[in-house]
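Participant: Pasting a structure below so you can have a look.
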Amino acid sequence: MRLPCMWCKESFSPGEFFELLYSDEGIYFFCSEECRNTWASPVTAENEPENL
């Protein structure tokens, strides 16, 4: 079974190194920490209140 990276869409095997992000919406797999951080930044920004 091959998993797709949520950011770059590259497929990788579960035995290869990957990053994981768990949220209320689900579990997301990434081929690298860079992909995880790049994907998570816009999602986090959308969920932050505009006025603190």
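Where a number appears in this text, it was derived from the coordinates with a stated rule and is not lab data. Only a predicted model underlies this, so the values are computations on that prediction, with no experimental measurement involved. Don't worry about glycine lacking a Cβ; one is built from the backbone with ideal geometry, like all the others, and counts go over all protein chains shown.
Participant: How much length would be gained if the chain were fully extended between ARG2 and ASP24, taking 0.36 nm per residue of separation minus their Cα-Cα distance, in nm to one decimal? Let's see the in-between values first.
Facilitator: On the way: separation 22, 0.36 × 22 = 7.92 nm, distance 2.34 nm.
The span from ARG2 to ASP24 would gain 5.6 nm if fully extended.
Participant: Then there's this: Distance from a point 7 Å along Cα→Cβ of SER32 to each backbone N in segment 1-21: keep the residues under 19 Å and list them by number.
Facilitator: Taking a point 7 Å out along Cα→Cβ of SER32, the residues of segment 1-21 whose backbone N falls under 19 Å are 3-21.
Participant: Here is a follow-up. Could you sort 1-7, 14-20 so that the peptide with the highest average Cβ count within 10 Å comes first and the rest follow in order? Present the calculation step by step, with values, prior to reporting the outcome.
Facilitator: Values: 1-7: 14.0, 14-20: 11.1.
Ranking, from highest mean packing down: 1-7, 14-20.
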